[in-house]
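Before any comments, here is the structure.
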Amino acid sequence: MSNINDVIIIGSGPAGYTAGLYAGRAMLNPLLFAGYASGGQLMLTSDVENYPGYPEGITGPEMMMELRSQASRFGCKIVDKNVDSVDLSKNPFKVTVGTEEHLAKSLIITTGAEAIWLDVQNEAVHKGRGISTCATCDGAFFRDKEVIVVGGGDSAMEEATFLTRFCSKVTIVHRREGLRSSRIMADRAQSNPKIEWKLNCVVKGWLGDAENFEGAVLVDTHNNTEEDFSCDGAFIAIGHKPMTGFLNGQIETDEQGYIIWKENSMTSVSGVFAAGDVVDTRYRQAVTAAGMGCMAAMDAERWLEDNEH
Ligand code: NAP
């Protein structure tokens, strides 16, 4: 059992690192558990063009390295391990990391969200071998191949556009006529000659066996007709779900598992704060996550002062 930390931050996207930066500058000696795959979703993003201060854009991993080193510079101790569970039943809170237990007067949860799978017939067989949720990670395996991207949001547009760097053809499969994505990202995909469209279509299942991925069974939502659509790979980009399982129901969430803010950035447990995609069902941007990380660290600092910790 270690001594009692003022603040432990769990999660290492823009929200976590910004919370670490602010808590560090507030002399709270923050301890940040970054997870084994540190950096969050931006580690899987190619170019970030909409984070203020980078007029030429920056890659997601580069940006995360910059945020990490900025947090470290102000005394945030960063450990690349996953938190297994927390005990919020009394203060100091207990944070379990493998065989270690750490105590903290306040916690900031910034664990973000993870990709949702379609969960249709034959999906488990092809996960990671034909079907992926990350074009940045797996796109290069599909050089000169034909792939589909499922979804109609910014992620789908971004993934499809990125995949045209490698693939000979990318078909976007979306369940309705209208796209959810922003205009600029939709325009970019719509003007790309390598991108084709299958609108009003859903994926019913996947074709092939464990050794060979052969395509998708598509169903037209207007007339219910089925089509075996041949392709070499598929990328699913239908959104994300919050990573709140490790909290084991100790903090109030909505029905999808997103943490609910009660007072400023504080959760239903006094002294526990949350920031970034783990609370955000609306904006989900790197810049908004960073802003929330700042808010959570400032709220934690004030809460520690008010509670004379
Ligand atoms: P999203 O905006 O929630 O879009 C998800 C898409 O998947 C929607 O088009 C949805 O269809 C479709 N979908 C959901 N469940 C489905 C299912 N079971 N079967 C078939 N289709 C399904 O998610 P996102 O694209 O991941 O974006 C999330 C947030 O991140 C957004 O705020 C976005 O702006 C942001 N983002 C920004 C950038 C950027 O600016 N560079 C890049 C990526 C993401 P419906 O439209 O019919 O609901």
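For segment 291-304, the criterion of a residue being within 16 Å of the ligand (Cβ to nearest atom) and over 15 Å from Ala19 (Cα atoms) is satisfied by no position. Determine whether Arg176 is closer than 28 Å to Arg282 by Cβ, more than 24 Å from the chain's Cα centre (by Cα), of a type in the set (Lys, Arg) and within 14 Å of the ligand (Cβ to nearest atom). Yes. Looking only at residues in segment 21-57 that are away from the ligand (no atom under 13 Å from the Cβ) and on the phi > 0 side of the Ramachandran plot, the one that is most open to solvent (accessible area, probe 1.4 Å) is Met27. Could you tell me whether any residue of segment 12-33 is in the same structural domain as Val79 (by TED's automatic domain parsing), out of contact with any Gly (no Cβ under 6 Å at 6 or more places or on another chain) and modelled with pLDDT under 95? No: segment 12-33 contains no residue that is in the same structural domain as Val79 (by TED's automatic domain parsing), out of contact with any Gly (no Cβ under 6 Å at 6 or more places or on another chain) and modelled with pLDDT under 95. Among the conditions (1) within 12 Å of the ligand (Cβ to nearest atom); (2) of a type in the set (D, E, K, R); (3) open to solvent by 40 Å² or more (accessible area, probe 1.4 Å); (4) under 25 Å from Leu42 (Cβ atoms), Lys204 misses just one, which is (4). Quick check: is even one residue across segment 107-117 under 18 Å from Phe229 (Cα atoms), open to solvent by 30 Å² or more (accessible area, probe 1.4 Å) and not in a loop (DSSP other than H, G, I, E, B)? Looking for residues that are under 18 Å from Phe229 (Cα atoms), open to solvent by 30 Å² or more (accessible area, probe 1.4 Å) and not in a loop (DSSP other than H, G, I, E, B), one finds none in segment 107-117, hence no. Comparison of Ala286, Ala210 shows that the only residue that is in contact with a helix residue (DSSP H, G or I) (Cβ under 7 Å, 6 or more places away or on another chain), modelled with pLDDT under 95 and open to solvent by 30 Å² or more (accessible area, probe 1.4 Å) is Ala210. Scanning segment 169-199 for residues that are assigned to a loop (DSSP other than H, G, I, E, B), over 23 Å from Asn223 (Cβ atoms) and aliphatic (A, V, I, L, M) yields nothing. Just one residue in the set Gly112, Gly130, Gly153, Gly98 is of a type outside the set (S, T, N, Q), in contact with a strand residue (DSSP E or B) (Cβ under 8 Å, 6 or more places away or on another chain) and more than 21 Å from Ala296 (Cβ to Cβ); that residue is Gly130. Being in contact (Cβ under 8 Å) with a residue 12 or more places away in the chain and not assigned by TED's automatic domain parsing to the domain that holds Gly276 is a property that Ser191 lacks. None of Phe229, Phe213 is in contact with a Leu (Cβ under 7 Å, 6 or more places away or on another chain) and among the hydrophobic types (A, V, I, L, M, F, W, C) except Phe229. When you scan segment 120-141, do you find a residue that is in the same structural domain as Leu67 (by TED's automatic domain parsing), open to solvent by 40 Å² or more (accessible area, probe 1.4 Å) and of a type in the set (Gly, Ala, Ser), even just one? No, segment 120-141 contains no residue that is in the same structural domain as Leu67 (by TED's automatic domain parsing), open to solvent by 40 Å² or more (accessible area, probe 1.4 Å) and of a type in the set (Gly, Ala, Ser).
The requirement of being buried (at least 17 other Cβ atoms within 10 Å of the Cβ) and either farther than 20 Å from Ala275 by Cα or not assigned by TED's automatic domain parsing to the domain that holds Leu247 (or both) is fulfilled nowhere in segment 77-87; no residue meets it.
The values are calculated or read from the model by the stated rules, or taken from the named source; none is laboratory data. Please read these numbers as outputs of a predicted model, since none were measured by experiment. Heads up, the Cβs are rebuilt from the backbone with ideal geometry, glycines too, and the neighbour counts pull from every protein chain shown. These area figures cover heavy atoms from the full protein model, side chains too; ligands, DNA and RNA do not enter into them. Shrake-Rupley method; radii C 1.70, N 1.55, O 1.52, S 1.80 Å.
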